[in-house]
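Contents: one structure, followed by commentary.
The values are calculated or read from the model by the stated rules, or taken from the named source; none is laboratory data. These figures come from a predicted structure and were not determined experimentally. No Cβ is skipped: glycine too gets one built from the backbone with ideal geometry, and neighbour counts run over all protein chains shown. Areas reflect the complete protein model, heavy atoms only, side chains present, ligands, DNA and RNA absent. Shrake-Rupley method; radii C 1.70, N 1.55, O 1.52, S 1.80 Å.
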Amino acid sequence: MEKEQVGIKTPEFVSLQFQLAGLGSRAAAYLLDQFILAVVNILVIIVLLILLSGGTSFSALDDEISSIIFGIAIIGLFIFNSGYYIFMEFYFGGKTIGKKILGIRVIQDNGHSLTLLSSFIRNFMRIVDSLPASYLTGLLMIFFHPKHKRVGDLVAGTIVVHERKAKRLGKLTPIEKEIQKRGLSKHDILVEEFSLRGLNAQDWNLVRTYSSRLLQLPLEERHDLTKQVAEILFPKLGWDTTGKNSRELEDSLLILYLILKDEWEYEL
């Protein structure tokens, strides 16, 4: 089941192929996340008990204040445990720590990145998936559903897939040779995951088309195209074009090409 593929057509009419994440990888990721949550909870409680017991300045507090501090800590842990999956999946491209280690992620049924609402819905529905005990409903749904969806995925319109692997090309393309010649790297510009999530398949096609045509254009047309593409994409990333010459804009777009290439070009 781990080798099953699913085809998705995005709203931009781009067809994508993903490898479905099955019960084994999803269960392993969930157990890792639960282990992390358990460790954090235990450490916080131990520290809190030490602070509120004898031997520290906190121990001199009266019982009422100690109870308030302990209550605040418990509420904080509840918020942390409840929000861990929701905010990790939303802010880190559908990945919790466990999912990242196992190489899987959550996306929407249309191939787009997870929204905050869909993340909230799928994780709120863990209440149903955990019934009657030991996550039994969720496990059975993942095992028997053709797309390995649990109840939360069905309600939220999400799917869990394996991370796509970048293509390994034996021969560099002309634009890749140009990038290498310029000494550019995808690490030259730090782009936050949240900003990248604002780009879709249509933006990737724009960057790819721009990069493939760049070296074929006369210098004047090249400058005009670079400026037009930068004005479309840079605001989505929070990048400023002010004061940058055409060569600097080109370099930034080529670095963006390298970054998005890892996300959108992959082995089937």
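Per-residue accessible area (protein heavy atoms, 1.4 Å probe) orders 239, 204 as 239, 204, starting from the largest. Here the sum of -39500 (n - 2.57) over DSSP H runs of 4 or more residues, divided by the residues of the chain, equals -18500 deg cm²/dmol at 222 nm, to the nearest 500.
Each residue of region 238-254 is assigned a 3J(HN,Hα), and the resulting list reads x, 8, 9, 8, 4, x, 8, 7, 4, 5, 5, 5, 4, 4, 5, 5, 5 Hz, derived from the Karplus form 6.51 cos²θ - 1.76 cosθ + 1.60 (θ = phi - 60°), x at Gly and Pro. Please report the net charge: other residues with Cβ closer than 11 Å to the Cβ of residue 150, K and R +1, D and E -1. Neighbourhood net charge equals +3.
Can you give the Rg to Rh ratio of region 205-268, both from alpha-carbon atoms, with Rh computed by the Kirkwood formula? Display every interim value, and only then the final one.
Numbers: Rg = 12.0 Å, Rh = 12.2 Å.
We get a ratio of 0.98 for region 205-268.
Rolling a 1.4 Å probe across all protein chains gives residue 79 an accessible area of roughly 110 Å².
From the protein chains alone at 1.4 Å, what is the descending order of accessible area for 162, 223, 187, largest first? Don't skip to the end; give the middle numbers.
On the way: 162 35, 223 75, 187 145 Å².
Final ranking, largest accessible area leading: 187, 223, 162.
For residue 110, no residue 5 or more places off, or on another chain, has a built amide H under 5 Å of its own.
One quarter of the convex hull surface, Cα atoms only: what value does that give for region 37-139 in nm²? Kindly include the intermediate steps, with their values, before the conclusion.
On the way: hull surface 35.8 nm².
Value for region 37-139: 8.9 nm².
In percent, how large is the relative contact order of the chain, given Cα pairs closer than 8 Å and 6 or more residues apart?
On the way: 304 pairs, mean separation 50.4, N = 268.
That works out to 19 percent.
For residue 161, the solvent-accessible surface with a 1.4 Å probe is about 0 Å², rounded to the nearest 10.
Quick one: divide the alpha-carbon radius of gyration of region 77-227 by 2.2 N^0.38 Å and tell me what you get.
Normalised Cα radius of gyration, region 77-227: 1.38.
From largest to smallest, the equivalent ellipsoid semi-axes obtained for region 97-137 from the alpha-carbon gyration tensor read 21, 15, 8 Å. The residue list 245, 161, 199 was ranked by how far each Cα lies along the charge dipole of the chain toward its positive end, using unit charges on Cβ atoms, and 161 comes out on top. Close amide H partners of residue 104, meaning residues 5 or more places away or on another chain with modelled amide H under 5 Å apart, are 163.
In this view, the solvent-accessible surface of residue 220, computed with a 1.4 Å probe and all protein chains in place, comes to about 140 Å². Mind grabbing the base-10 log of I(q)/I(0) for the chain at q = 0.07, 0.10, 0.17 Å⁻¹? Debye formula, identical points on the C-alpha positions, no solvent, two decimal places. Computed log10 I(q)/I(0) values: -0.37, -0.67, -1.26.
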